[in-house]
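The values are calculated or read from the model by the stated rules, or taken from the named source; none is laboratory data. Since the structure is predicted, the reported quantities are computational estimates derived from the model, not experimental observations. Cβ: placed from backbone, ideal geometry, glycine included. Neighbour counts: every protein chain shown. For the accessible areas, the whole protein counts, side chains as well, though only heavy atoms, and no ligand, DNA or RNA atoms are used. Shrake-Rupley method; radii C 1.70, N 1.55, O 1.52, S 1.80 Å.
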Amino acid sequence: MLVVSTREFRARQSKYLEMVNDGTELVLKSREQGSFVLTPILQSNTILEKGYILPPDEDLARSVTGEQIVERLIPRIENIFQYLRT
């Protein structure tokens with residue numbers, strides 16, 4: 001494990017990022033902010049897996065316009081008001 005000050009990290013950021021990417025454990029130490037472990041983000045760390053992200057054309061095909069939403073909602077709203085009148 002390598003411990004580096006935030007000042008040193010800023011001065012040689014590319015070097016340390018490459019080291020972390022190659023597997024070195026790096027701890028950043030700051031007097032004001034405390035200590036932090038720097039690790040690369042792996043596929044397993046991402047919020048969404050690639051399988052959940054649709055290609056642009058597929059995503060666009062599933063989209064709905066504002067006009068389509070209004071067309072679908074108007075009959076539902078009219079039914080609610082008819083129900084309230086009775």
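For the range 35-53, a residue qualifies if it is modelled with pLDDT of 90 or more and either open to solvent by less than 80 Å² (accessible area, probe 1.4 Å) or over 30 Å from Met1 (Cα atoms) (or both), and the qualifying residues are Ser35, Leu38. Summed over the range 54-79, the residues that are loosely packed, with under 10 Cβ neighbours inside 10 Å, of a type outside the set (D, E, K, R) and at pLDDT below 90 give a count of 8.
So, in the range 16-34, how many residues would count as being open to solvent by less than 100 Å² (accessible area, probe 1.4 Å) and either touching a residue at least 24 places away in the same chain (Cβ under 8 Å) or not small (Gly, Ala, Ser) (or both)? Give the derivation first.
So the first thing to find is which residues in the range 16-34 are open to solvent by less than 100 Å² (accessible area, probe 1.4 Å), and the list is 16-17, 19-20, 23-24, 26-28, 30, 34.
Okay, now just the ones that are also either touching a residue at least 24 places away in the same chain (Cβ under 8 Å) or not small (Gly, Ala, Ser) (or both), so 16-17, 19-20, 24, 26-28, 30.
Number satisfying all stated conditions: 9.
Scanning the range 52-84 for residues that are assigned to a helix (DSSP H, G or I) and of a type in the set (S, T, N, Q) turns up Gln68, Asn79, Gln82.
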